[in-house]
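Comments concern the structure below.
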Amino acid sequence: MRKLALSFILLVLSAQNVVAGNLGLINRWYEALRTVDRPVFQQLLTDNAIIDLKQLGIVQNKNEFIESLDNWEDVSGDVQITTGIVSSTNRKIVVDVCYRFPSDAFTNRETFLLKGDLVTKQTQEKLRDGC
């Protein structure tokens with residue numbers, strides 16, 4: 001019985017560490033997006049990472065995504081970004097993200113596939129207008 005209780009405690013602590021680590025990654029990602037911090041994206045993405053912008057029908061590799069930040073920088077000046085983690089494991093994080101611009105707002109569901117603490121794929125799908 002004692003071994004079972006100890007195993008359960010270790011499992012809970014391990015899950016908490018995964019969630020805490022994933023929360024850190026998510027915070028870094030969206031702060032880098034807000035500030036258009038290209039070096040952080042260089043660090044967060046694997047060399048063969050894919051960014052899938054479903055609502056736009058665009059799939060980008062790491063370099064294309066980082067280059068596209070020039071366009072994002074032009075339109076994102078006053079954006080407010082709020083996030084809520086929907087689910088989190090050591091290999092996948094699902095986040096609902098509100099992008100609130102002065103003249104528009106929408107909510108995406110964004111899924112991150114991970115290898116260790118790096119993003120191998122990020123998929124963005126629009127859930128709804130508004131937040």
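Here the extension length gained between residue 36 and residue 115 equals 26.1 nm, from 0.36 nm per residue of separation less the Cα-Cα distance.
With a cut-off of 11 Å, note down the residues of region 85-117 whose backbone N falls inside the zone around a label point 7 Å from the Cα of residue 46 toward its beta carbon. Zone members listed by number: 113-117. Accessible surface area normalised per residue over region 45-105 is 60 Å², counting heavy atoms of protein chains with a 1.4 Å rolling probe.
What's the local net charge at residue 126, with K and R +1, D and E -1, over the other residues with C-beta under 13 Å away?
Values: positive: 54, 109, 128; negative: 52, 96, 104, 110, 125, 129.
Local net charge: -3.
Taking other residues whose beta carbon is less than 13 angstrom from the beta carbon of residue 33, and scoring Lys, Arg as +1 and Asp, Glu as -1, yields -1. Site pair residue 55 and residue 105 shows an inter-label distance of 1.4 nm when each label is modelled 7 Å from Cα along Cα→Cβ.
May I ask you to give the percent of accessible area on region 70-131 that is carbon plus sulfur, with a probe radius of 1.4 Å?
Numbers: 1560 of 3650 Å².
The computed percentage sits at 43.
Partners of residue 115 within straight-line reach, counting aspartates and glutamates whose Cα lies under 14 Å from its Cα and excluding those fewer than 8 residues away in the same chain: 47.
Positive contributions from Lys and Arg (+1) and negative ones from Asp and Glu (-1), summed over other residues with Cβ under 15 Å from the Cβ of residue 44, come out at +1.
The values are calculated or read from the model by the stated rules, or taken from the named source; none is laboratory data. Keep in mind it's a predicted model, so treat the numbers as computed, not measured. Here Cβ is always computed from backbone atoms with ideal geometry, including for glycine, and neighbour counts include all displayed protein chains. All accessible areas refer to the heavy atoms of the entire protein, side chains included, with ligands and DNA or RNA removed. Shrake-Rupley method; radii C 1.70, N 1.55, O 1.52, S 1.80 Å.
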